[in-house]
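The next block holds one structure in the form of structure tokens; read it before the comments.
The values are calculated or read from the model by the stated rules, or taken from the named source; none is laboratory data. Nothing here was measured: the structure is a model prediction, and the numbers come from that model. Glycine also receives a Cβ, built like all others from the backbone with ideal geometry; neighbour counts cover every protein chain displayed.
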Amino acid sequence: MDNQRGKGLSFARRIYTPRAIGSGFGGLALIPFLYPLDIPIWTWALLLVNAFVWPHLAYQLSTRSAYPYKAERRNILVDSLGGGFWAASIQFNPLLTVIIISMMMMHNVAAGGPKLLLRGALAQVIGALVSCLLFGASFNAHTSNLQVYACLPVLILYPFSVGMVSYGLAIKLAEHKSTLRALSRTDSLTGLLNHGSWKDLLQLKFQKCQQNQSSATLALIDIDHFKHINDTFGHLVGDSVLRQLSTELQQNLRAEDLAGRYGGDEFCVILPNRSLSQAKEIMERVSQVFCDFRHAAEPELRVSLSVGLASYRLEYEDASAWLNEADKALYIAKKTGRNKICTGAADLLFDSAPIDPLST
């Protein structure tokens, strides 16, 4: 309910400015067309209300309604009813009648598409019939210079206002689309790339390494004994550990490095233009600061990382082979005591000295 009302209020705000400009300058344009005609005084009062009071009244009716969207669509039909009434009241002068019909069509299509366009057209016909019943039906094709000049402001300003509203809406839609795209690529807990997005980028980086003969290193990271952490301290503490590792990665990596959550307690990093030794230094730094992590509610909690590294090599047929080599290195690190950094057989095998979290 609140979400629908919010959308309705936004809709009413978008309509307000074009309506105020169209009604105001449209009302001024009507004056030289109505003045030569023998119309009753109440018609001038109605024109004043329609031109300068109705836009603000319509906005209040919409924003104060429990269903602003429906209320605003009713207001749009009132606009169309008035447009038909004034077109007939000026004896269907071709110039201003076409302007009124064009404004109504633009207004209705922008607000509600073909369905509202048809309903608006029906409202215009009803408004024209009411005017014909009151003043009689007639046609006047003559247009003076003054009448032409009176139409110029509305011809310029109304399309401009509709265009600006449409532009603002397009910008918001683009921002929402960008946000949704980012959310679809991001792991909700850690803020890093999710599994699918990271693997897509891995494929792109692999192709770039092939084409440019450039270097890069993969790192697969596993939080040691993470299941035990969850079982012992609870999932909320486990989530805080995952977020902490995400924070350390973001703070210790370059903008061009691509970190993601591979799944569960496993993380993955692509380090473009980094040699194996450089990647090792970076991962050692991340491991060290991560080992220093202490949870305020669980001071006895200790954490550490196992890391598998694999540098890009020409003999890899595809990105999966490269990733598999890093996975093998991670397996070695976990099977040989954890809390260390290892590489696979395709690279020079090395182990880092274990990082003892108890010594920090």
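Within segment 195-217, which residues are crowded, with 20+ Cβ neighbours inside 10 Å, in contact with a Ser or Thr (Cβ under 8 Å, 6 or more places away or on another chain) and closer than 20 Å to Tyr262 by Cα?
Within segment 195-217, Ala216, Thr217 meet the criteria.
Among the residues of segment 185-192, is any more than 23 Å from Val307 (Cβ to Cβ), at pLDDT 90 or above, buried (at least 16 other Cβ atoms within 10 Å of the Cβ) and not assigned by TED's automatic domain parsing to the domain that holds Arg254?
Among the residues of segment 185-192, not one is more than 23 Å from Val307 (Cβ to Cβ), at pLDDT 90 or above, buried (at least 16 other Cβ atoms within 10 Å of the Cβ) and not assigned by TED's automatic domain parsing to the domain that holds Arg254, which makes the answer no.
Search segment 278-307 for residues that are in contact (Cβ under 8 Å) with a residue 24 or more places away in the chain and pair each with any residue that is aromatic (Phe, Trp, Tyr) and part of a helix (DSSP H, G or I) when their beta-carbon atoms are under 7 Å apart and the residues are at least 6 apart or on different chains.
Glu298/Phe233; Leu301/Phe233; Val303/Phe290; Leu305/Phe290
From Glu300, Glu256, Glu284, Glu315, which residue is part of a loop (DSSP other than H, G, I, E, B), charged (D, E, K, R), out of contact with any Gly (no Cβ under 6 Å at 6 or more places or on another chain) and closer than 18 Å to Gly344 by Cα?
Matching residue, one of Glu300, Glu256, Glu284, Glu315: Glu315.
If only one of Leu253, Leu330 is under 19 Å from Lys205 (Cβ atoms) and either buried (at least 20 other Cβ atoms within 10 Å of the Cβ) or basic (Lys, Arg) (or both), which one is it?
Every option except Leu330 fails the conditions.
Taking segment 13-55 as the search range and keeping residues that are outside any helix (DSSP H, G or I) and among the aliphatic types (A, V, I, L, M), which one is farthest from Phe92 (Cα to Cα)?
Here the answer is Ile39.
Out of Thr179, Thr217, Thr232, I need the residue that is assigned to a helix (DSSP H, G or I), among the polar types (S, T, N, Q) and within 35 Å of the chain's Cα centre (by Cα). Which one?
Being assigned to a helix (DSSP H, G or I), among the polar types (S, T, N, Q) and within 35 Å of the chain's Cα centre (by Cα) holds for just one of Thr179, Thr217, Thr232, which is Thr179.
I'd like the full set of residues that are of a type in the set (Ser, Thr, Tyr) and touching a residue at least 24 places away in the same chain (Cβ under 8 Å), limited to segment 240-255.
Ser240, Ser246
Right, Val241: surrounded by 14 or more Cβ atoms within 10 Å (Cβ to Cβ), part of a helix (DSSP H, G or I) and in the same structural domain as Asp224 (by TED's automatic domain parsing) or not?
yes
Taking segment 273-308 on its own, how many of its residues are closer than 22 Å to Asn230 by Cα and not polar (S, T, N, Q)?
Matching residues across segment 273-308 total 18.
Could you tell me whether Ala87 is crowded, with 20+ Cβ neighbours inside 10 Å, in the same structural domain as Gly120 (by TED's automatic domain parsing) and in contact (Cβ under 8 Å) with a residue 40 or more places away in the chain?
yes
Across segment 136-184, what is the total count of residues that are touching a Ser or Thr at 6+ places or on another chain (Cβ under 6 Å) and either farther than 30 Å from Leu28 by Cα or not assigned by TED's automatic domain parsing to the domain that holds Thr97 (or both)?
Total meeting the criteria: 0.
List the pairs whose first member sits in segment 144-171 and is surrounded by 13 or more Cβ atoms within 10 Å (Cβ to Cβ), whose second member is part of a helix (DSSP H, G or I) and polar (S, T, N, Q), and whose Cβ atoms are under 7 Å apart, counting only residues at least 6 apart or on separate chains?
Close Cβ pairs (under 7 Å, with a partner that is part of a helix (DSSP H, G or I) and polar (S, T, N, Q)) amount to Ser161/Thr17; Val165/Thr17.
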